[in-house]
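Each remark here refers to the structure printed beneath this line.
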Amino acid sequence: MKKKILFCATVDYHFKAFHYPYMEWLQAQGWEVHVAAGGEMALKFTDVQCPIPIQRSPFSMQNVHAYRQLKQLIATHKYDIICCHTPLGGALARLAARKWRQHGTKVIYTAHGFHFCKDASFMNWLLYYPIEKYLALHTDHLITINTEDFQLAKGHRFRAREIVHVHGVGVDTIRFQPVDERVKQDWKQSFGYKPDDFLLFNASEFNQNKNQRFLLYALAQLQQELPGLPNIKLLLAGEGPLLEACQRLAVELGIHHMVDFLGFRNDISDMLPGCDVAVASSYREGLPVHLMEAQACGLPVVATDNRGHRELVVQGKNGWLIKRNDVADFVVKLKKLATEPNRRKQMGIYARQRIQTGYSLNRVMQQRLPIYQTYMQQTSEQKEVSLWAAH
């Protein structure tokens, strides 16, 4: 009988975006891969897909039904390993798996950025900290993806059996790689831009945390301070509840002609090499994949200072970190990159090297796969003995 592993998250596209290499590897090892998440996306490397309406809000009553469905799913399949991701998906899966951990099921939780951290509000600490600390009791392996979360879990004595720091999910540095200046210019023309356009890129959901309004205000100020610069364009990929509000703000600021709202894109790897700088303005991040992908393509970064950005940006080397809401300093740094192509090139080289040595897919798989292998070595017979003894 094949061994079974369950991946659980709030939404199914999380797995397409971040976990296909690991799911493919598990299938190659002879494991049966199941997925439980909201949505109806057809996923690759998946043997059984279970749509479960997990909601992002911890107060949604639908999560009560989702919890019951997860309990039934786990009881039916008696998984050998359960891999939990995202705050609500990870919480519900760990709650639902408590009984089966007593019978040998192993639970791995990846914290993609605790909602409580140095930059978080008191309410986030009040709500999420006690929940995560309790759920750590029901976790065999807690994987953190940035230094601050690792130190927090260790320092606050989270009682997971193992707590480790892994550098995210990894970036495919072959798929995401730089191009020379001539190819970059050709790319710009093929996408409808001018060869000397200065392109700023951001990919993220339009929500309160991602704070794209900050980027729009910065662009408006940059336009005023560099009127002689060739066309500046801000490319914003993504969808979300605040998309229309940001579109209206761009019109109000008189920069709508400088902003391209790209919507959801599945060709980011094609777009990034043709851009010049990656920008990010979020209040809170775990370890943002879009910035790692941008750096793999040789783009320097200008980003607001938060936990996840601090992990990726070495001040003055591959970009700059800016204090929250400091539009003026953000603009100063963008002006440097716009007017100093040699600096931009050198920062891009360092950015690429940093991703290759620390955050590439191969490097991160070397960190993650031994965690899976630790639990994969257990046999189904061991679990059957445990179940028999329990009865």
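What follows is calculated from the coordinates using simple rules that are stated; it is not laboratory data. All values reported here derive from a predicted model rather than from experimental measurement. Note that we place each Cβ from the backbone using ideal geometry, even for glycine, and neighbour counts take in every protein chain shown.
Relative to the longest principal axis of the Cα atoms of the chain, the long axis of helix 243-252 lies at roughly 10 degrees. Under the combined filter of DSSP loop state and at most 10 neighbouring Cβ atoms within 10 Å, region 1-62 retains these GluC sites (Glu not before Pro): Glu40. The calculated FRET efficiency for the pair His103 and Tyr283, based on their C-beta separation and a Förster distance of 51 Å, comes to about 0.80.
Straight-line reach from Lys78: which lysines fall under 22 Å, measuring Cα to Cα and dropping same-chain residues less than 8 apart? Those lysines meeting the cut-off are Lys2, Lys3, Lys4, Lys99, Lys106, Lys383. For region 160-175 versus region 256-311, the spacing of their alpha-carbon centroids is 19 Å.
Among the trypsin sites (Lys or Arg not before Pro) found in region 178-266, those both in a DSSP coil and sparsely packed, with 16 or fewer other Cβ atoms within 10 Å of their Cβ, are Arg265.
Name the shape class, rounded, prolate or oblate, that the alpha-carbon gyration tensor gives for region 181-358, where a ≥ b ≥ c are the square roots of its eigenvalues, rounded holds for a/c under 1.5, and otherwise prolate holds if a/b is larger than b/c and oblate otherwise.
Cα axes put region 181-358 in the rounded bin.
Quick check of the Kirkwood formula: for the chain, what is the inverse mean of 1/r over all pairs of different Cα atoms, in Å? The Cα-based Kirkwood calculation yields 22.2 Å. Would you please state which residues of region 44-66 a label at Met365 would reach in this model, taking the label point 7 Å out along Cα→Cβ and a backbone N cut-off of under 20 Å? Of the residues in region 44-66, 44-47 have backbone N under 20 Å from the label point off Met365.
Full extension of the chain segment joining Asn207 with Gln353 gains 49.4 nm, where the gain is 0.36 nm per residue of separation less the Cα-Cα distance. In the chain, the longest principal axis of the Cα atoms and the axis of helix 212-225 are about 20 degrees apart.
Subtracting the Cα-Cα distance of Arg159 and Arg182 from their residue separation scaled by 0.36 nm leaves 2.9 nm. Annotation: aspartates and glutamates with alpha-carbon distance below 15 angstrom to Lys336 (same-chain offsets under eight excluded): Glu225, Asp276. Quick check: the angle from helix 62-77's long axis to the longest principal axis of the chain, C-alpha only, nearest 10 degrees? Taking the Cα atoms of the chain, the angle to 62-77 is about 50 degrees.
Restricting the trypsin sites (Lys or Arg not before Pro) of region 1-85 to loop positions (DSSP other than H, G, I, E, B) with no more than 14 neighbouring Cβ atoms within 10 Å leaves Lys2, Lys44, Arg56.
Compute the Cα gyration tensor for region 234-278, then decide on rounded, prolate or oblate, letting a ≥ b ≥ c be the square roots of its eigenvalues: rounded whenever a/c is under 1.5, prolate when a/b is larger than b/c in the other cases, and oblate in all that remain. Oblate is the answer for region 234-278, as a/c is 1.5 or above yet b/c matches or exceeds a/b.
For the chain, the 222 nm mean residue ellipticity estimated from helices alone, with every DSSP H stretch of n ≥ 4 adding -39500 (n - 2.57) and the total spread over all residues, rounds to -13500 deg cm²/dmol. If a spin label sat at a point 7 angstrom from the Cα of Gln189 along the line to its beta carbon, the backbone N atoms of region 254-279 nearer than 16 Å would be those of 274.
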